Amino acid sequence: MSSKIMLLTLALTVLAVTVVESSSGGGGETKYNYELSGSALTQLYNSRVYLAERMKRPLGSWSWMSGPFSHSGVRVTLADPRVKWLIHKGDGFGKSSQTVVVNAKHMSSRWKVVTTANFKGTKKVADFVADGGSDYSLLINNCHKASLQMMKKRKH
């Protein structure tokens with residue numbers, strides 16, 4: 001019984017931090033509205049990805065990160081022009097999808113590269129967003145699962 005209460009307390013703590021972070025911006029990139037629309041959004045989603053970097057940062061104002069006590073996403077560098085965008089997922093991040101794309105110039109310095117993959121234009125930004133999934137769930141469909149899915153190379 002004691003271990004169940006401890007696990008529940010831990011889960012609620014992570015949930016509380018996640019809710020505070022998604023509403024306050026946590027890392028500086030989600031509290032601003034950098035939405036594109038119309039043809040600019042279509043052009044971005046159809047852009048080919050040259051390089052992808054799976055990235056992590058601490059939650060909220062924490063100075064450390066470990067496993068689920070972090071936030072992750074994928075920073076992509078477009079093939080042409082070589083512009084960088086962050087694709088990440090969180091509760092309440094988007095309107096029709098919880099996986100969103102923001103200009104990487106708004107990322108805080110707290111993000112650290114975990115892995116890098118050269119996609120050589122084989123995937124588009126839209127593929128990364130689709131791989132991230134539209135729905136969010138703290139335990140089974142979170143930012144970590146989404147970023148790992150995004151980094152998988154597609155078989156042709």
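The values are calculated or read from the model by the stated rules, or taken from the named source; none is laboratory data. Treat the numbers as computed from the prediction; the structure is a model and nothing was measured. Positions of Cβ are backbone-derived with ideal geometry, glycine not excepted, and every protein chain shown enters the neighbour counts.
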Quick check on this structure: which one of L86, L148, L51, L44 is under 11 Å from the mean Cα position of the chain (by Cα) and touching a residue at least 60 places away in the same chain (Cβ under 8 Å)? L148
Quick one: S97 ticks every box in (1) among the small types (G, A, S); (2) under 13 Å from the mean Cα position of the chain (by Cα); (3) at pLDDT 95 or above except a single one, so which number is it? (3)
Quick check, is A146 touching a helix residue (DSSP H, G or I) at 6+ places or on another chain (Cβ under 6 Å), of a type in the set (A, V, I, L, M, F, W, C) and surrounded by fewer than 19 Cβ atoms within 10 Å (Cβ to Cβ)? no
Exactly one of (1) surrounded by 14 or more Cβ atoms within 10 Å (Cβ to Cβ); (2) in contact with a Phe, Trp or Tyr (Cβ under 7 Å, 6 or more places away or on another chain); (3) not in a helix (DSSP H, G or I) is unmet by K120. Its number? (1)
Would you say R57 is over 24 Å from K153 (Cβ atoms) and within 11 Å of the chain's Cα centre (by Cα)? yes
